Every structure is written in structure tokens, then in C-alpha cells.
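Asks: Below is one structure. I have some questions about it.
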Amino acid sequence: METTTQSEIPAGAGESSLNPDTLNQLLGQMVNDLGAAVNGALIVLGDGLGIYTALADIGPATSQKLAEKTNLNERQLREWLSAQAASGYVSYDGATDSFSLTPEQTAVFADPDSPAAMIGGFYAVSAVYHDEPLVAESFRTGRGLPWGGHHNCLFCGTERFFRPGYQANISEKWIPALDGVEQKLGIGTRVADIGCGHGISTLIMAKAFPKSEFYGFDLHQASIEAAFEAANRHAQEQQITNVHFSIAAAKDFPSNDYGFVTVFDALHDMGDPVGAASHVKQSLQPDGTFMIVEPLARDSLAENINPVGRVYYGFSTMVCTPGSLSQEVGLALGAQAGERRLRDVLSKGGLPESAVPRKRRST
């Protein structure tokens, strides 16, 4: 029986037209992607079972020791640890047959307050796989897929993915970068947070600026309900009472003479971002400020063909673009719109040409 090695081209694959080196490079990438795809489920599994936090707590440990700590089946835990070690997500010491987390691995997998925490993104990925048939139907019909039509993992995953960056940047970097806004919020003003989702951004601002009143608006009823629950919890635990949530679209949230309006990672999801920008202009005080935070992107596809662009184009294909198409107008900016298109939206909405979107970090 003949056998083939990894470097050989499969029979019938058109040997005369294929470059073996190029093919093997692509196959190597696919093997890497398959490993990443299956280990994404293992990341969600390990987070849900508390394995990462347990390993960070007890330090280097054998699978037996970790099984005792977590009260999990040792054999299955050992297989999970092996897969994580092969991915570089967990460190393995062959001399002691023990596993551990480096400080960097801890920051990514076991510290929910770390700016580098990434686990939430994998919960969102699980929703993407679950919802593939719905997106496929959207491709056929062009009718899009509303945000609320997705699996619930998308909502909690999005919250967990963006929370660390928001906590590290909103009050510490982004607001202080705006002329006079930090001072205005410190004195007291009304703030509208459009497309607030579970209300993480709204609550972060409300905590930082207790003299201002914050109003979070979102189309998705379940997200607003989750925001209400979070607000009640924060009110009891941290005495944050200056925050309010309502169901409303970006084009018709209540106008209330706001001193500050924000949109965090949501403008590109809107069906009519131009109409939203126009409504924001009408809702702002004469000296008010509109802050937009969007995924970092260049203006052309060629400039966005990179690992970050790969992530955002992927989520945009499955979530953002069909979400916009499901709404009125359906402009479908996409998650890699770039500054030129964002400026164009603001200009058409009647905002000054000098308005520059405030962009968050690229990861």
C-alpha cells in the first residue's frame, strides 16, 4: 500500500498547476485554523468550568492536583490541558508533568478585569457557528438578520469582549482626550449612550462621573433588560444611581438637550447611521460633544488585510452587515468602514467636517 507524506500533493489535485510550497503553506494555515477553531470551544469550556482561574490560583499543578481543586474528571481534564498546552494557552513542564499559567496567559484567560482579557470573544464566536444557517438565509434573501435574532451567546460574549477595553480607556483615555468634556461631566450634564447593549459603557461613565445623568438606549429589549439588572446591582453594591435605560432606536431616542452623546462600537451596525448622526446633532446642546468609538480600520480593503481585519471582517459578515441590512435604509457600513466613510456619514448627518471619530485600540 502506498502512503503519502504531508509534503506530497493528493492525487487528482491538478499536480501540474499546483505549487507544492504554496499549497503546503496554505494547508499549514488550515491546520492551524482548525486547531484554533476547535480550541475556541475548549476556551469557553475551560472558562465555564473555572479551570483557568483554578490553575492561576494554585500555580504549577499536575492534572491530578488540578482535578482535585476543580472536582472535575482527571482524564478529561488532562486532555483539555494537553490541547491548551499545544495551543500555547497553558504552559507545560515535561520534567514535572505539570501545567501553569504565565502572567501573560493569566491576563488573557484568568483575569476578567485585565485589559488583555479575550475570552468573551470566543463566546461570541460560539454564537456565530450556531447562527450560520440564519446568516446563510440572509445571503439568499438580502433581508439581513436582526441583532436580536442571534443566539444569546453573542450578547454576553460581546459584553465580555468589550468590557476590559472600555474599563481601561473610557474614563482614563478617551474622555480626557476630548476638549472640555471631562470637566463638563464632572460638573454635571446629561449624557446619551446610543446602542448601549448590556449597558457596560453607560455604567462605567456613570460611576466615573456621579454628578452627571446617563441614559442608555438600545433597540434590543433583552439587552436593555440585562442593563436594568446590571444597573440595579450596581445601585445596591456601588451606589450608582445616576443611570437610566430605555428601548429606543438611534434615530428616535428622546431628545433631551444632551451635553455629551456616545456611540461605542455600534455606528456601523445601524441601518441608517446618517439619520442617527442627524438626530444626535438635534439632540445635543450647542456646545455638546458627540464621541464615536469604532473598530480601528484603514480606508481600503488592501490596507485591512491583516489579522485584525480578519477578525472584524469575519464578525461583520456574520453579525454587523446582516444586522444593518435588517433595518431601515440598510447602509451596511461593516465593521471595517474606515475613517473616510465614517467622516462621510457624519457630514451627511449635518455634523461639522472637523468631527473625527475617536477610535479604540485595534484588539
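For every residue, the table says whether it meets (1) in contact with a strand residue (DSSP E or B) (Cβ under 6 Å, 6 or more places away or on another chain); (2) touching a residue at least 60 places away in the same chain (Cβ under 8 Å); (3) assigned to a helix (DSSP H, G or I); (4) open to solvent by 40 Å² or more (accessible area, probe 1.4 Å).
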residue	(1), (2), (3), (4)
Gly120	no, no, yes, no
Tyr123	no, yes, yes, no
Val128	no, yes, yes, no
Val135	no, yes, yes, no
Phe155	no, yes, yes, no
Thr158	no, no, yes, no
Phe161	no, no, yes, yes
Tyr166	no, yes, yes, no
Lys173	no, no, yes, yes
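Asks: On to the next question. Looking only at region 288-298, count how many residues are open to solvent by 60 Å² or more (accessible area, probe 1.4 Å) and free of Cβ contacts under 8 Å to residues at least 60 places away in the same chain.
Replies: Qualifying residue count, region 288-298: 1.
Asks: Does at least one position in region 37-52 carry a residue that is at pLDDT below 95 and open to solvent by less than 40 Å² (accessible area, probe 1.4 Å)?
Replies: no
Asks: Please state which of the following conditions Val274 fails to meet, knowing it meets all the rest: (1) surrounded by fewer than 16 Cβ atoms within 10 Å (Cβ to Cβ); (2) part of a helix (DSSP H, G or I).
Replies: (1)
Asks: Quick one: which of Arg343, Arg310 is in contact (Cβ under 8 Å) with a residue 12 or more places away in the chain, surrounded by fewer than 23 Cβ atoms within 10 Å (Cβ to Cβ), over 30 Å from Gly188 (Cβ atoms) and among the charged types (D, E, K, R)?
Replies: Arg343
Asks: Also, I was wondering about something else. Does region 176-194 contain any residue that is without any contact (Cβ under 8 Å) to a residue 60 or more places away in the chain, open to solvent by less than 30 Å² (accessible area, probe 1.4 Å) and closer than 27 Å to Ala116 by Cβ?
Replies: No, region 176-194 has no match at all.
Asks: For Ala127, are the conditions met, namely being modelled with pLDDT of 95 or more and under 30 Å from Gly330 (Cβ atoms)?
Replies: yes
Asks: Now a separate question. Regarding region 11-18, can at least one residue be identified that is among the small types (Gly, Ala, Ser), part of a loop (DSSP other than H, G, I, E, B) and modelled with pLDDT of 95 or more?
Replies: no
Asks: Among the residues of region 221-228, is there at least one that is more than 19 Å from the chain's Cα centre (by Cα), among the charged types (D, E, K, R) and surrounded by fewer than 21 Cβ atoms within 10 Å (Cβ to Cβ)?
Replies: Yes, some residue in region 221-228 is more than 19 Å from the chain's Cα centre (by Cα), among the charged types (D, E, K, R) and surrounded by fewer than 21 Cβ atoms within 10 Å (Cβ to Cβ).
Asks: While we're looking at this one, here's another question. Exactly one condition in (1) part of a loop (DSSP other than H, G, I, E, B); (2) over 23 Å from Phe155 (Cβ atoms); (3) at pLDDT 95 or above is not met by Ala302; state its number.
Replies: (1)
The values are calculated or read from the model by the stated rules, or taken from the named source; none is laboratory data. The structure presented is a predicted model; accordingly, all values stated were derived computationally and were not measured. With ideal geometry, Cβ positions are generated from the backbone for all residues, glycine too; neighbour counts draw on all protein chains shown. The protein model used for the area step is the full one, side chains on, heavy atoms only, and it has no ligands, DNA or RNA in it. Shrake-Rupley method; radii C 1.70, N 1.55, O 1.52, S 1.80 Å.
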